[in-house]
Amino acid sequence: MALLRKWNPHINLVSPRSLDAVWDRHIADSAQLLDLAAGPWSTWADIGSGGGLPGVIVAILSADVGLRGGVTLVESDSRKAAFLGEVSRACGVSFEVVCGRAETAGPLSADVLSARALAPLVELLEFADRHVEPQGICLFPKGETVHTEIEVARSRWRFEPRLHASRTNAGSFIVEIGEFERV
């Protein structure tokens, strides 16, 4: 939280208005994704990581409870990628930072793929097609437009989403997607 507050004025990691509610709005909101990755996972990839949400939180909590999975954060903005590297060093938590775009990064072979506030669901599934293992899952936090995004995505993808109500933001959901394929 201290690093977010220190760096945010310089590189806009999160909305400045949300810094007063950083615990609920960002940290607890990110932490709830870890509970949804029920099965064992060895690789978690977070694309468009920005301020490290949810990827850094997943890495910190995983280390705290002794999970052995590796976490990779993909961020195209070099300043934000530098911030993520500083968080890893300052918190003593190991995770990989890839400075690049999700659509051009090498396949991440993720068991779990997350993205928060990156793109519409139809685009996220394009990224997932490149980066998720066949038996992996995607966890995408979404707001009130979730049903519209699902319908648009179904024009290009075949999938059955599981919606989990957000514990931190009324009217928001986490979209869980397992198997999917192009239409």
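The values are calculated or read from the model by the stated rules, or taken from the named source; none is laboratory data. These numbers were taken from a predicted model, which means no experiment stands behind them. Heads up, the Cβs are rebuilt from the backbone with ideal geometry, glycines too, and the neighbour counts pull from every protein chain shown.
Points to keep in mind about this one:
- Residue match in region 36-47 (condition: aromatic (Phe, Trp, Tyr), over 14 Å from the mean Cα position of the chain (by Cα) and either buried (at least 22 other Cβ atoms within 10 Å of the Cβ) or assigned to a loop (DSSP other than H, G, I, E, B) (or both)): yes
- Tally, over region 79-91, of residues that are over 13 Å from ASN12 (Cα atoms), surrounded by fewer than 18 Cβ atoms within 10 Å (Cβ to Cβ) and of a type outside the set (A, V, I, L, M, F, W, C): 3
- Test: residue in region 10-25 that is touching a helix residue (DSSP H, G or I) at 6+ places or on another chain (Cβ under 8 Å) and outside any helix (DSSP H, G or I): yes
- Single match in PHE83, PHE127, PHE140, PHE95 (criterion: closer than 26 Å to THR168 by Cβ and out of contact with any Gly (no Cβ under 9 Å at 6 or more places or on another chain)): PHE140
- Filter result (surrounded by fewer than 17 Cβ atoms within 10 Å (Cβ to Cβ), part of a loop (DSSP other than H, G, I, E, B) and within 20 Å of the chain's Cα centre (by Cα)) within region 144-165: GLU144, THR145, GLU160
- Meets criteria (touching a His at 6+ places or on another chain (Cβ under 7 Å) and within 20 Å of THR168 (Cα to Cα)) for LEU61: no
- None of LEU13, LEU19, LEU34 is free of Cβ contacts under 8 Å to residues at least 60 places away in the same chain and touching a Lys or Arg at 6+ places or on another chain (Cβ under 7 Å) except LEU19.
- Screening region 48-137 for helices (runs of 4 or more DSSP H) wholly inside it with 3 or more residues that are modelled with pLDDT under 95 returns the ranges 55-64.
- Filtered residue count, region 51-62, keeping only those that are surrounded by fewer than 22 Cβ atoms within 10 Å (Cβ to Cβ) and either in contact with a Gly (Cβ under 8 Å, 6 or more places away or on another chain) or touching a residue at least 60 places away in the same chain (Cβ under 8 Å) (or both): 1
- Only residues that are surrounded by fewer than 18 Cβ atoms within 10 Å (Cβ to Cβ) and either touching a residue at least 12 places away in the same chain (Cβ under 8 Å) or farther than 17 Å from SER76 by Cβ (or both) were counted in region 100-117, giving 6.
- Scanning region 118-140 for residues that are farther than 16 Å from LEU163 by Cβ and surrounded by 22 or more Cβ atoms within 10 Å (Cβ to Cβ) turns up PHE127, ALA128, HIS131, VAL132, GLY136.
- Filtered residues of region 166-183 (kept if surrounded by fewer than 14 Cβ atoms within 10 Å (Cβ to Cβ) and over 23 Å from SER18 (Cα atoms)): GLU179, GLU181, ARG182, VAL183
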